[in-house]
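The values are calculated or read from the model by the stated rules, or taken from the named source; none is laboratory data. Bear in mind that the values here come from a model prediction, so they are computed numbers and not experimental data. Methodologically, a virtual Cβ is constructed for each residue, glycine included, from the backbone with ideal geometry; neighbour enumeration extends over all protein chains shown.
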Amino acid sequence: MSKISDTSRLEFILEMIEDIEFIIKENNSLTKALNSRIGKHALLMCLMQIGETLHKIKDEEIRKELPVKGAYDVRNFIAHDYEGVDLGLIDNILRYLIPELKMTIENLNKK
């Protein structure tokens, strides 16, 4: 059993979100990042890490605030059907859901 705390897990997720933001900035846009061989693989790996880490959060009160199931479903979709990943869906997740997740985690950290 892992001794990593939920707080550490949330911090790791924020690091993955910062990595997503960096990858997008380095490629000058989300669209260009997803069309870049390296950018696409890096973004998908970050999403897999976010889903896996959210799934490991133990505190039920924290879990209620976060999209644990949805993020883990995305992780599984990427991991088990990598060639079939719908980049339009990934674009939507990165463009709209990841910023919401970041804000939710930042608000949880303020509590």
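Segment 1-85 holds helices (runs of 4 or more DSSP H) entirely within its bounds, and those carrying 2 or more residues that are of a type outside the set (D, E, K, R) map to 6-26, 30-35, 37-55, 68-80.
Out of curiosity, is Thr53 closer than 17 Å to Ile20 by Cα, in contact with a Lys or Arg (Cβ under 7 Å, 6 or more places away or on another chain) and either touching a residue at least 40 places away in the same chain (Cβ under 8 Å) or not acidic (Asp, Glu) (or both)? Yes: the conditions hold for Thr53.
Just one residue in the set Leu101, Leu94 is at pLDDT 95 or above, in a helix (DSSP H, G or I) and in contact with a Pro (Cβ under 8 Å, 6 or more places away or on another chain); that residue is Leu101. When Lys58, Lys25, Lys64 are checked against the criterion of being of a type in the set (Lys, Arg) and either surrounded by 13 or more Cβ atoms within 10 Å (Cβ to Cβ) or touching a helix residue (DSSP H, G or I) at 6+ places or on another chain (Cβ under 8 Å) (or both), a single residue qualifies: Lys58. The C-beta contact set for segment 89-109 (first residue over 22 Å from Ile62 (Cα atoms), second residue among the β-branched types (Val, Ile, Thr) and assigned to a helix (DSSP H, G or I), distance under 8 angstrom, 6+ apart or interchain) comprises Asp91/Thr31.
Of all residues in segment 49-62, those satisfying the criterion of being of a type outside the set (Val, Ile, Thr) and either touching an Asp or Glu at 6+ places or on another chain (Cβ under 9 Å) or over 11 Å from Leu108 (Cβ atoms) (or both) are Gln49, Gly51, Glu52, Leu54, His55, Lys56, Lys58, Asp59, Glu60.
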